[in-house]
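K.L.:
Would you mind keeping the following structure in view while I ask a few things?
The values are calculated or read from the model by the stated rules, or taken from the named source; none is laboratory data. Computed from a predicted model, the values in this text were never measured in an experiment. Virtual Cβ from ideal backbone geometry, glycine too; neighbours counted across all protein chains shown.
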Amino acid sequence: MNVGVLIDMDGVIYRSHDLIPGADRFVKMLKDRDIPFLFLTNNSQRTRRDVATKLSRMGIEVEEKHVFTCAIATARFLALQNSRATAYVIGEGGLLNAMHRHGFSIVDHDPDYVVVGEGRAFTLEMLEKAVHMIMNGAKLIATNLDPSCPTDRGIRPGCGAAIAYLETTTGKKAFSVGKPSPVMMRAARKQLGLSTSQTVMIGDTMETDILGGVQMGYRTVLVLSGGTRREDLAGYAFRPDLVVNSVADLCDDALFNHDILPPGDPQDDTVGDLEAWRLANAK
Ligand SMILES: [Mg+2]
């Protein structure tokens with residue numbers, strides 16, 4: 001095993017309910033070549049099984065073990081920090097399920113944590129209740145800080161919007177676990193048993209996928225099939241190692257050949273020499 005890949009989903013594998021052409025071929029190639037992979041999503045609404053089912057209906061057969069959500073990353077992180085803790089949860093099934101599985105008691109009074117995901121089912125009364133809890137000492141935890149979520153009809157408020165509401169009201173800063181937080185980025189790599197130099201992050205969003213990968217020293221691949229255009233790159237102080245139109249471009253056998261992605265050194269857990277890698281692969 002030389003490399004493994006962490007793959008964002010929305011804008012990379014599908015857009016809303018539509019498969020991005022070639023995404024199924026790409027995942028099949030990973031499986032055929034025994035390249036370890038993990039889908040990494042900042043959507044906390046769905047459980048791993050929900051995600052696997054959604055992908056299956058689009059013709060991509062993966063197992064639950066191939067899915068890592070910010071809800072799981074959050075629950076796991078908090079359980080390590082404080083086992084036997086209590087939480088008030090503003091979120092949906094994926095987040096509640098992950099919190100229960102990691103041993104949390106879900107309460108609506110005097111919690112250790114207020115944990116926030118995105119969703120369409122919560123009310124201003126719930127946010128007000130959370131404000132009181134935070135002012136009484138509960139820690140504010142964000143599953144992610146994405147300002148909005150893409151939908152068929154445009155965007156709707158994301159977890160970051162609810163967090164901004166709570167932060168503005170209370171004057172307290174949330175701790176966020178989802179991409180680009182190193183907490184989630186590192187946990188995903190560890191789950192695949194990879195070293196830093198063996199890890200490739202593929203995503204469509206500079207602020208989460210690419211920044212998260214850059215901070216960890218992973219190789220980063222930006223796909224233009226989602227929310228980022230090539231001309232947007234000029235506005236960022238960091239850049240991906242590779243830019244492709246979509247994951248269909250990565251089905252080209254050459255990508256995982258040593259010429260383009262040299263094998264990572266399993267002993268090397270430091271930030272690799274990405275500049276040398278970039279120069280070696282410059283067109
Ligand atoms: Mg995305």
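K.L.:
Has region 166-189 got any residue that is over 25 Å from R76 (Cα atoms) and out of contact with any helix residue (DSSP H, G or I) (no Cβ under 8 Å at 6 or more places or on another chain)?
P.N.:
Looking for residues that are over 25 Å from R76 (Cα atoms) and out of contact with any helix residue (DSSP H, G or I) (no Cβ under 8 Å at 6 or more places or on another chain), one finds at least one in region 166-189, hence yes.
K.L.:
Do we have any residue at all in region 54-66 that's under 30 Å from V131 (Cα atoms) and of a type in the set (S, T, N, Q)?
P.N.:
Initial filter on region 54-66 (under 30 Å from V131 (Cα atoms)): none.
Among the residues of region 54-66, not one is under 30 Å from V131 (Cα atoms) and of a type in the set (S, T, N, Q), which makes the answer no.
K.L.:
Hey, another quick one. Could you please give the count of residues in region 8-42 that are part of a loop (DSSP other than H, G, I, E, B), within 16 Å of the ligand (Cβ to nearest atom) and either of a type in the set (K, R) or under 20 Å from M206 (Cα atoms) (or both)?
P.N.:
Result for region 8-42: 8.
K.L.:
Does region 191-223 hold any residues that are near the ligand (Cβ under 10 Å from one of its atoms) and over 17 Å from F26 (Cβ atoms), and which are they?
P.N.:
T205, T208
K.L.:
Could I ask something else about it? Just give me the residues in region 173-190 being over 14 Å from L40 (Cα atoms) and either within 16 Å of the ligand (Cβ to nearest atom) or surrounded by fewer than 18 Cβ atoms within 10 Å (Cβ to Cβ) (or both), in sequence order. Can you show your working first?
P.N.:
Taking region 173-190 first, the residues over 14 Å from L40 (Cα atoms) are 173-176.
The answer is K173, F175.
K.L.:
Of the residues in region 55-87, how many are assigned to a helix (DSSP H, G or I), in contact with a strand residue (DSSP E or B) (Cβ under 8 Å, 6 or more places away or on another chain) and either within 16 Å of the ligand (Cβ to nearest atom) or basic (K, R) (or both)?
P.N.:
The number of residues fulfilling the criteria is 2.
K.L.:
A further question follows. Output the number of residues of region 123-148 satisfying the condition of being out of contact with any strand residue (DSSP E or B) (no Cβ under 9 Å at 6 or more places or on another chain) and either crowded, with 21+ Cβ neighbours inside 10 Å or among the acidic types (D, E) (or both).
P.N.:
Result for region 123-148: 3.
K.L.:
Taking the criterion of being of a type outside the set (K, R), more than 15 Å from the chain's Cα centre (by Cα), away from the ligand (no atom under 16 Å from the Cβ) and in the same structural domain as L30 (by TED's automatic domain parsing), would at least one residue in region 161-172 satisfy it? Spell out how you get there, then give the answer.
P.N.:
The initial filter retains those residues of region 161-172 that are of a type outside the set (K, R), namely 161-171.
In the following step, the residues that additionally are more than 15 Å from the chain's Cα centre (by Cα) were identified as 161-171.
In the following step, the residues that additionally are away from the ligand (no atom under 16 Å from the Cβ) were identified as 161-171.
If we keep only those that are in the same structural domain as L30 (by TED's automatic domain parsing) too, we end up with none.
No: zero hits.
K.L.:
Name the single residue, out of those in region 193-209 being of a type in the set (S, T, N, Q) and part of a loop (DSSP other than H, G, I, E, B), that is nearest to the chain's Cα centre (by Cα).
P.N.:
Initially, region 193-209 is screened for residues of a type in the set (S, T, N, Q), giving 195-199, 205, 208.
Imposing the further condition that a residue be part of a loop (DSSP other than H, G, I, E, B) reduces the set to 195, 205.
Working: S195: 18, T205: 10 Å.
For region 193-209, the residue satisfying everything is T205.
K.L.:
Run G103 past the list (1) within 30 Å of G11 (Cβ to Cβ); (2) over 17 Å from the mean Cα position of the chain (by Cα); (3) surrounded by fewer than 24 Cβ atoms within 10 Å (Cβ to Cβ) and report the number of the one that doesn't hold.
P.N.:
Among (1) within 30 Å of G11 (Cβ to Cβ); (2) over 17 Å from the mean Cα position of the chain (by Cα); (3) surrounded by fewer than 24 Cβ atoms within 10 Å (Cβ to Cβ), G103 violates only (1).
K.L.:
Among the listed residues T228, T270, T169, T208, which satisfies the condition of being out of contact with any Cys (no Cβ under 6 Å at 6 or more places or on another chain), among the hydroxyl-bearing types (S, T, Y), surrounded by fewer than 17 Cβ atoms within 10 Å (Cβ to Cβ) and at pLDDT 95 or above? Lay out the reasoning, then the answer.
P.N.:
Details: T228 fails: surrounded by fewer than 17 Cβ atoms within 10 Å (Cβ to Cβ); T270 fails: at pLDDT 95 or above; T208 fails: surrounded by fewer than 17 Cβ atoms within 10 Å (Cβ to Cβ).
Only one candidate qualifies: T169.
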